Amino acid sequence: MNDLKQVLYDYITSNCVGENNAIHAQDLCLKFGLINYTDFGIAVNDRKLRSIINNIRNDKSYKMAISSSSKGYFAGSKEEEIKSTHTLYALGFALLKVARAKERKAALNGQGEFTFDEQFSTFIKSLAN
């Protein structure tokens with residue numbers, strides 16, 4: 001997968017710079033052979049593609065950020081990255097607000113207790129990095 005990860009990163013950062021040059025997931029899957037053969041023909045494996053893109057996004061050795069929009073995947077300009085990052089933080093804080101509200105309500109009126117597993121604790125610790 002690492003070779004494919006590098007190839008996808010190189011392709012996107014060379015050919016898909018800026019949202020106007022984005023490439024759809026289906027096109028990437030077809031271009032790089034991320035397909036499954038089914039009884040009905042060929043189906044793209046976009047789940048595998050999303051997994052690889054997420055690995056690229058979280059790997060500190062890749063210097064350019066890969067963004068996505070309804071237009072597809074792209075390497076963003078500085079302005080696009082600022083906008084994308086702001087949107088992600090806004091979404092993250094909104095979800096955290098909902099999670100905290102649920103946590104507060106969990107012990108009310110016999111609704112039970114809300115606990116976090118080890119995986120969630122690892123996630124929270126990773127936010128500090």
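How far apart, in nm, are two points set 7 Å out from the Cα along the Cα-to-Cβ line at residue 50 and at residue 3?
2.7 nm
Can you compute the modelled spin-label distance between residue 35 and residue 127, with each label point 7 Å from Cα toward Cβ, in nm?
So the label points at residue 35 and residue 127 sit 4.2 nm apart.
What FRET efficiency comes out for the pair residue 70/residue 10, r = Cβ-Cβ distance, R0 = 22 Å, nearest 0.05?
Using R0 = 22 Å, I get an efficiency of 0.35.
I want to check the label-to-label distance for residue 17 and residue 87. Put each point 7 Å from Cα in the C-beta direction and report it in nm to one decimal.
For residue 17 paired with residue 87, the spin-label model returns 2.1 nm.
Report, in listed order, any pair from 5/71; 60/102; 31/60; 71/102; 71/125 with a Cα-Cα distance greater than 28 Å.
60/102; 71/102; 71/125, as the Cα separations exceed 28 Å there.
Only Cα pairs under 8 Å and at least 6 apart count here; give the relative contact order of segment 1-76 as a rounded whole percent.
Rounded, it is 43 percent for segment 1-76.
A short reminder: the numbers here are calculations on the coordinates, not readings from a lab. Given the structure is predicted, the values throughout are model-derived calculations rather than measurements. All Cβ positions, glycine included, derive from the backbone under ideal geometry; neighbour counts span all protein chains shown.
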